[in-house]
Amino acid sequence: MSQKLTAVKGMNDLLPPDSQSWVWFEGVVQRVMNRFAYSNIRTPIVEPTALFIRGLGEITDIVEKEMYSFEDRLNHEQLTLRPEATAGVVRAVIEHNLLYEGGKRLYYMGPMFRHERPQRGRYRQFHQIGAEALGFALPEVDAELILMAHTLWMELGLKNVKLELNSLGEPSERIQHRQALVAYFESHIDLLDEEAKRRLHTNPLRILDTKNPSMQNLVEAAPKLMDFLGEQSRSHLKEVCHILDANSVSYTLNPRLVRGMDYYNLTVFEFITDQLGSQGTICGGGRYDYLISQMGGKAAPAVGWAIGVERVIELLKDANLLPLQPSPDVFAIIPSSKSIEKVMLILQTLRSHGVSIQMHSPSMSGNPGSAKPIESDLGNRGSMKSQFKRADASGAHFALIFGEDELSLGCVTIKSLRDGAGSQRVELLSNVGEWASSLQSTV
Ligand code: ATP
Ligand code: MG
């Protein structure tokens with residue numbers, strides 16, 4: 001017996017009907033992106049490992065332990081499946097000199113890869129939708145991005161999404177804060193867990209992000225970056241807040257909000273729900289004014305966010321906000337194979353008028369022992385009864401019956417599958433254009 005083939009742990013197949021919900025969701029996202037005039041960008045899923053080390057910072061959870069990295073067997077390049085897309089977008093922006101005539105507003109959708117412990121809302125292949133505004137320095141663009149995410153929640157009907165906001169200040173302000181923080185934690189060294197001790201001299205800011213309950217009091221009383229911010233950093237945050245206020249978008253200032261990547265400065269934010277357990281952050285982002293130059297580009301400011309698609313879909317599902325699956329308008333019942341060419345030409349004409357059609361065709365069962373059509377006689381393609389059963393199961397509004405008698409008279413029988421009475425009418429095939437639209441659902 002050969003080994004059973006399964007998907008990699010933490011990486012999921014997305015099957016109908018769930019995949020249809022994703023298509024719908026992506027459509028909503030695209031509409032919102034269009035309204036804010038953000039353009040789509042698609043970068044490779046595999047990038048040189050060095051890109052992420054340089055972009056995200058060596059001492060981050062992602063680079064330290066979550067990346068899928070490997071050596072290309074042929075040319076020995078060190079490669080990594082992208083754990084996030086900002087680094088790749090910035091690389092592309094530099095490589096193609098996209099900022100030569102001013103700022104760019106971009107968005108992407110796609111799979112990301114992180115070797116984490118799989119659990120609800122946390123997978124090894126997951127999907128992000130992200131937006132990046134590159135080349136813009138003013139706080140109004142931070143606010144624009146936040147408003148764009150907020151608009152998306154509104155469009156989706158998601159209530160109870162909370163916005164948390166913070167400022168990470170500028171590097172010089174952070175250095176001062178960091179010194180105060182290290183001194184504070186050193187004076188309480190016996191209260192630190194192993195992870196915190198390890199981070200004390202590498203990345204003390206991340207200690208503030210601890211999930212360890214016994215360290216909460218210690219972290220709560222630690223020196224706050226907010227107290228080290230200079231005038232410019234303060235007024236940047238204030239302006240973001242004023243724009244959100246003017247748009248009635250509520251938020252909480254959370255001085256403890258830090259983000260997993262090293263590249264952020266000034267504004268950082270997260271949209272959080274309490275309905276997904278501990279995996280409650282559905283969108284995170286902020287300003288990253290130094291990343292472009294850090295990656296070798298001409299210095300330019302930037303700001304962006306990324307949404308965790310699985311978490312948003314889960315939230316929509318729980319709140320019953322996913323639309324019903326679309327059904328075809330028409331199920332085509334074809335009693336005999338004799339006229340299949342003619343019937344399929346008619347179906348094409350109907351489709352060209354916008355009608356969606358599922359055609360009956362004898363199907364196989366998925367059982368390898370019986371790779372034969374279920375319908376016994378291919379000539380008659382199964383009984384009318386079994387075809388009508390499939391028509392009902394398809395959810396179609398109408399069945400079109402292409403019987404030999406009808407076809408020889410140049411017409412087709414249309415039976416309603418939804419009006420209970422099963423009313424029927426006959427139409428001429430010579431004037432499809434006149435009745436095709438009556439088959440289209442208005443949904
Ligand atoms: P978390 O604190 O939950 O690990 P993060 O700070 O690592 O999140 P980001 O890198 O900011 O997350 O990614 C943005 C969003 O992508 C997150 O807010 C979350 O919704 C989603 N996300 C991150 N990691 C995963 C994962 N492993 N599986 C599913 N979604 C994820
Ligand atoms: Mg993470």
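When segment 17-48 is filtered for residues that are surrounded by 10 or more Cβ atoms within 10 Å (Cβ to Cβ) and assigned to a loop (DSSP other than H, G, I, E, B), the ones remaining, listed by number, are PRO17, PHE36, TYR38, ILE41, ARG42, THR43, PRO44, ILE45. Restricting segment 64-97 to residues that are within 16 Å of ligand 2 (Cβ to nearest atom) and either free of Cβ contacts under 8 Å to residues at least 12 places away in the same chain or assigned to a loop (DSSP other than H, G, I, E, B) (or both), the residue that is nearest to ALA37 (Cα to Cα) is ALA85.
Taken together, LEU56, LEU134, LEU51, LEU98 contain a single residue that is in the same structural domain as ALA300 (by TED's automatic domain parsing), among the aliphatic types (A, V, I, L, M) and within 15 Å of ligand 1 (Cβ to nearest atom), which is LEU56. Among the conditions (1) touching an Asp or Glu at 6+ places or on another chain (Cβ under 7 Å); (2) more than 18 Å from GLY304 (Cβ to Cβ), the only one that PRO139 does not satisfy is (2).
The selection criterion, being away from ligand 2 (no atom under 16 Å from the Cβ), in a strand (DSSP E or B), closer than 16 Å to SER39 by Cβ and not hydrophobic (A, V, I, L, M, F, W, C), does not hold for TYR100. Note on segment 401-433: residues that are surrounded by 12 or more Cβ atoms within 10 Å (Cβ to Cβ), assigned to a strand (DSSP E or B) and in contact with an Asp or Glu (Cβ under 9 Å, 6 or more places away or on another chain) total 6. If you filter segment 144-155 down to residues that are surrounded by fewer than 19 Cβ atoms within 10 Å (Cβ to Cβ) and of a type in the set (A, V, I, L, M), you find that the one that is nearest to VAL309 (Cα to Cα) is MET154. From the list SER248, SER233, the one residue that fits, being surrounded by 15 or more Cβ atoms within 10 Å (Cβ to Cβ) and either within 23 Å of ALA143 (Cα to Cα) or among the acidic types (Asp, Glu) (or both), is SER233.
Residues satisfying the criterion are absent from segment 219-226 (criterion: charged (D, E, K, R), within 30 Å of LEU106 (Cβ to Cβ) and not assigned by TED's automatic domain parsing to the domain that holds ALA85). Looking only at segment 105-123, filter to residues that are buried (at least 20 other Cβ atoms within 10 Å of the Cβ) and of a type in the set (Lys, Arg); which one of those is nearest to ligand 2 (Cβ to nearest atom)? Among residues in segment 105-123 that are buried (at least 20 other Cβ atoms within 10 Å of the Cβ) and of a type in the set (Lys, Arg), the one nearest to ligand 2 (Cβ to nearest atom) is ARG114. Taking the criterion of being at pLDDT 95 or above and more than 22 Å from SER438 (Cα to Cα), no residue of segment 323-339 qualifies.
If you check LEU266, LEU253, LEU291, LEU276 for being of a type outside the set (Val, Ile, Thr) and surrounded by fewer than 17 Cβ atoms within 10 Å (Cβ to Cβ), only one passes: LEU253. Checking the structure you have, find out if any residue of segment 188-209 is under 20 Å from LEU266 (Cα atoms), among the small types (Gly, Ala, Ser) and part of a helix (DSSP H, G or I). No.
The values are calculated or read from the model by the stated rules, or taken from the named source; none is laboratory data. Just so we're clear, the structure is a prediction, and the values are computed from it rather than from any experiment. Please note: Cβ atoms are built from the backbone with ideal geometry, for glycine as well, and neighbour counts cover all protein chains shown.
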